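Notes to accompany the following structure.
The values are calculated or read from the model by the stated rules, or taken from the named source; none is laboratory data. It should be emphasised that the depicted structure is a prediction, and the values quoted were computed from it without experimental measurement. Here Cβ is always computed from backbone atoms with ideal geometry, including for glycine, and neighbour counts include all displayed protein chains.
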Amino acid sequence: MRPLFASGGGADNPVPELVLRGASQVSIVQYSTFTEPGFDAQDARQGNLTHAVEVVGTVDPATCTACAFACLVLSSTNDLSCAVV
């Protein structure tokens with residue numbers, strides 16, 4: 001999955017690549033347990049940045065009808081990638 005939002009980068013320093021695991025659409029049964037399927041983040045200069053990904057927001061299967069949360073990764077050169085689930 002390509003990031004929904006990317007900032008910084010350029011030909012000599014591309015933004016980190018953020019890849020979400022799992023299906024592109026997920027159905028959640030109300031009151032069930034939601035398990036986030038995971039993600040990977042790679043940077044051309046720093047390598048694996050998966051440990052630096054920040055997940056913002058939560059999914060509450062008891063109350064939400066349309067849920068979203070974001071995965072963000074920032075490289076040491078302040079290049080940002082964001083994917084919204």
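Here residue 36 meets the list (1) at pLDDT 75 or above; (2) of a type outside the set (Val, Ile, Thr); (3) buried (at least 16 other Cβ atoms within 10 Å of the Cβ) almost entirely, failing just condition (3). When the stretch 17-33 is filtered for residues that are touching a strand residue (DSSP E or B) at 6+ places or on another chain (Cβ under 7 Å) and either surrounded by 11 or more Cβ atoms within 10 Å (Cβ to Cβ) or within 14 Å of residue 72 (Cα to Cα) (or both), the ones remaining, listed by number, are 17, 18, 19, 20.
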